[in-house]
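The values are calculated or read from the model by the stated rules, or taken from the named source; none is laboratory data. Note that this is a predicted model, so its numbers are computed, not measured. Counting neighbours? That spans all protein chains shown, and the Cβs are built from the backbone with ideal geometry, glycine included. The protein model used for the area step is the full one, side chains on, heavy atoms only, and it has no ligands, DNA or RNA in it. Shrake-Rupley method; radii C 1.70, N 1.55, O 1.52, S 1.80 Å.
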Amino acid sequence: MGVKAALPKYELYCYYVILSLAMLWTASWIFEVSSSNASRKTFKSNVKPGWYLLGRNMEMADYEWKMWFSTFCEHILFALSGHVIFAKICSLLAPQYRSLVYMAYGILAVFTSMGWTYVTLILSHCVLLYSISLVKLRWLCFTAGLTTLATFKMEPFLSWQAGFATGSFELRPVLFYGGCGFTIMRCMSFALENCERREGNYSFLELLKYNFYLPFFYFGPIMTFNRFYVEANNPSLSRKEREMWSISVQALLHLGVVITVDILFHYMYILTIPTDMKLLKHLSDWALAGLAYLNLVYDWVKAAVMFGVINTVSRLDHFDPPKPPKCITMLYVFSETHFDRGINDWLCKYVYDYLGGKHDNVVSELIASVCTFGVTALWLGPGWVTFIWAFLNCFGLNFELWTAKFFSMEPFVSIEMAMSDAMSRRIRAVFNTFNFWTIVLYNILALNSLDFAKLVAKRLLLKGFPFSTVTVMVVTYCLVQLIKERERKQALIDDPDPTPPPAPAPAPVTVVPTTASDQTAPAPPVDPNKEKAE
């Protein structure tokens, strides 16, 4: 049963047709709303003249996208290009010193863009957390790290430290928060890894190499120190077969995605429409559901492209960076709803897995998830929306474990064992459908607003019941089944032989209708770096 259970091809084709028609219908609704409300005040402030060849205005509501791929594109590309050139020269002439060259170029780039006072501020935090790491007490390292991180989220400490970044450079506030926030997380990783080292301590120079690696410094992602240390000190710089081809294809793919998103911004204003509550109240239930879904898809695309550009550079430096986040389209369990895999890996290693163990105990899981989302809320910045988002996602993560425990008891196990594999998959998909929309509603809190999330929930669950609710759930069911089909094919590739070797005393099969059948211990959902610090 589970992920390798196949469905008839005609059934899958039916799902493809229903989903395709639904997506086209949703896109037509949003396109019509975008075109017919151009004179609204909200549109005038967020929509600007776009590409001349397209002859339409372009949505410019997302500051991060605008910063990366229009306003400051030349600054970011210039700094990363310089890093690539210096790294290539070093790898050819003195590969054993490449980590030192990365550090030197990173410090020089930070000094040039932000000034010596900012570099001094960063170094002071590094010195502080390095000194505390020498004590080798995990709780002390955590306390010092989180307290330091809180100083960038609370007044008057925030304003005082922001004064170290002087000048009128428009990108300076973004670089300040990004560099400081990621520095603290990296220093905490270094300190916690130093606590785990049985003999001696890592040197302060290793911390500087780790922290001032420019591609990760301002915008992430975070690579935990243990991984960075091994890869930065790897004497072998040989590449796998066709690795450069893969890197080139990845770079071209990111360029194609950027162009595609820019074109779509001329026709569908998916970020501006949710900010106009008066307009939203006149939209259909289907248009609201499509807006909520597309906002999450866009945020994943943005995170994947922004991290993808940096990851391409780091792969040229012979690093294996954190992979892009899993698309919201492919999610139906809370255990995979992270938008930044680097932050997610950090939280799992040092908080969630450390406290949760095997994630099979309800109490341990509750403690681990509460602590994880507590750190996440601090990272994002304390606020009511953040607290609500953290509470709901924390509850969803624990509810999956509670449900798993409940359905692992009799008579549910015997009932599902009596079913066919295909029927078991269909029943699981029904439960996953509701889980999918729970994830969507919970996470648009952080991406849009509490009012938008409340309106979508009210229209889909109350006013739209039963027609709109059932229609949206049927389409979502088709989507979940297609996701499961993709997972099934991938599982067959990874494990071509579905028949396990005989065992003398096989354990009873435990099945969970409400969670993904192939999921292991859940990992915490982490917000996509929606944090403005990046």
Legend entry - Residue list for the range 304-321, restricted to those being open to solvent by 10 Å² or more (accessible area, probe 1.4 Å) and touching a Phe, Trp or Tyr at 6+ places or on another chain (Cβ under 7 Å): MET306
Inset, instruction - Test THR438 against the criterion of being open to solvent by 20 Å² or more (accessible area, probe 1.4 Å), over 17 Å from LEU7 (Cβ atoms) and either at pLDDT below 85 or of a type outside the set (Gly, Ala, Ser) (or both), and give yes or no. - result: yes
Inset, instruction - Would you mind telling me which numbered condition in (1) open to solvent by 10 Å² or more (accessible area, probe 1.4 Å); (2) closer than 20 Å to ASN398 by Cα; (3) under 14 Å from the mean Cα position of the chain (by Cα) PRO324 fails? - result: (2)
Legend entry - Test: residue in the range 275-288 that is in contact with a Leu (Cβ under 8 Å, 6 or more places away or on another chain) and loosely packed, with under 13 Cβ neighbours inside 10 Å: yes
Inset, instruction - Among the residues of the range 34-65, count how many are surrounded by fewer than 17 Cβ atoms within 10 Å (Cβ to Cβ) and under 29 Å from the mean Cα position of the chain (by Cα). - result: 3
Legend entry - Check on TYR177, without any contact (Cβ under 8 Å) to a residue 40 or more places away in the chain and buried (at least 18 other Cβ atoms within 10 Å of the Cβ): no
Inset, instruction - May I ask you to list the residues in the range 378-398 that are open to solvent by 40 Å² or more (accessible area, probe 1.4 Å) and not in a helix (DSSP H, G or I)? - result: PRO382
Legend entry - Conditions (1) crowded, with 20+ Cβ neighbours inside 10 Å; (2) under 22 Å from THR403 (Cα atoms); (3) at pLDDT below 85; number of the one not met by VAL480: (3)
Inset, instruction - Scan the range 300-333 residue by residue and report those that are touching a residue at least 40 places away in the same chain (Cβ under 8 Å), touching a helix residue (DSSP H, G or I) at 6+ places or on another chain (Cβ under 7 Å) and within 21 Å of ARG486 (Cβ to Cβ). - result: TRP300, VAL301, GLY308, PRO325, ILE328, THR329, MET330, LEU331, TYR332, VAL333
Legend entry - Matching entry among PHE164, PHE182, PHE190, PHE176 (being within 15 Å of PHE111 (Cα to Cα) and under 23 Å from the mean Cα position of the chain (by Cα)): PHE176
Inset, instruction - Working only within the range 90-115, note down all residues that are hydrophobic (A, V, I, L, M, F, W, C) and surrounded by 12 or more Cβ atoms within 10 Å (Cβ to Cβ). - result: CYS90, LEU100, VAL101, MET103, ALA104, ILE107, LEU108, ALA109, VAL110, PHE111, MET114
Inset, instruction - Being at pLDDT 85 or above and β-branched (Val, Ile, Thr) is the filter here, so list the residues in the range 304-359 that pass it. - result: VAL305, VAL309, ILE310, THR312, VAL313, ILE343, VAL351
